[in-house]
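J.: Below: one structure in structure tokens.
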Amino acid sequence: MIKNGNSKKSDKEAKVLAQHIHIHMSVFKARRVIDQIRGRSYEETLMILELMPYRASYPILKLVYSAAANAINNMGLNEADLFISKAEANGGTIMKKLRPRARGCSYLIKKTTCHIKIVLKEKYIWMEKE
């Protein structure tokens, strides 16, 4: 991808990615929460995630906090102007282990994981000159 030489503030974005062992949940359970916060402002997202009754909301809340901290400390963006521009949950590795069953048989236990990616951008309000 070729980028322009001009670096605008609108090109700045804070990304956070949780992979592999960190998120022990189904992709479908994580997507149910992520679909609710996509495109919303940072402050509204925090309120939604704190009040949601799902177990998936807490790890996603921690990721949103982390992405906001990256945006504020590393890029100097304003916290009030941040919004979630991209949020996605993809399938991760499946951990497999065997559980002993009756008469010498075994049963396969599959623990699913998922990768969650959250991108924060700064929103702009264009003012016309009079």
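The values are calculated or read from the model by the stated rules, or taken from the named source; none is laboratory data. Because the structure is predicted, anything quoted here is derived from the model rather than measured. Glycine gets a Cβ as well: all are built from the backbone with ideal geometry, and neighbour counts include every protein chain shown. For accessibility, only protein heavy atoms count, side chains too; no ligands or nucleic acids. Shrake-Rupley method; radii C 1.70, N 1.55, O 1.52, S 1.80 Å.
J.: Per residue, what volume in Å³ does the convex hull of the Cα atoms of region 15-122 enclose? Don't skip to the end; give the middle numbers.
T.: Values: hull volume 9.8 nm³, N = 108.
Cα-based convex hull of region 15-122, divided per residue, equals 91 Å³.
J.: Continuing with the same structure: Could you sort 73-81, 113-121, 38-46 so that the peptide with the highest average Cβ count within 10 Å comes first and the rest follow in order? Working shown, then result.
T.: Numbers: 73-81: 12.6, 113-121: 21.6, 38-46: 16.3.
Packing order, densest peptide first, comes out as 113-121, 38-46, 73-81.
J.: Separate question: May I ask you to give the solvent-accessible area per residue for region 15-122, in square angstrom, as obtained with a 1.4 angstrom probe? Don't skip to the answer; put the middle values down first.
T.: Values: 6650 Å² over 108 residues.
It amounts to 62 Å² per residue over region 15-122.
J.: On to the next question. Using a simple spin-label model with points 7 Å from Cα along the Cα→Cβ vector, what separation in nm is obtained for M95 and H24?
T.: 0.5
J.: Using a cut-off of 21 Å between alpha-carbon atoms, which lysines can reach K15, once sequence neighbours fewer than 8 places away in the same chain are excluded?
T.: Here the lysines satisfying the reach criterion relative to K15 are K3, K62, K86, K117, K121, K123.
J.: Shifting gears a bit: Placing +1 at every Lys and Arg Cβ and -1 at every Asp and Glu Cβ, with all other atoms neutral, what dipole size does region 15-122 have around its Cα centre, in debye to the nearest 20? Present the calculation step by step, with values, prior to reporting the outcome.
T.: Working: 18 positive and 8 negative charges, 246 e Å.
The dipole magnitude comes to about 1180 debye.
J.: Related question: Gain in length, R40 to N73, computed as 0.36 nm per residue apart minus the alpha-carbon separation, to one decimal in nm?
T.: Numbers: separation 33, 0.36 × 33 = 11.88 nm, distance 2.12 nm.
Here the answer is 9.8 nm.
J.: Which value, in Å² rounded to 10, gives the accessible area of S57 with a 1.4 Å probe and all protein chains present?
T.: 10
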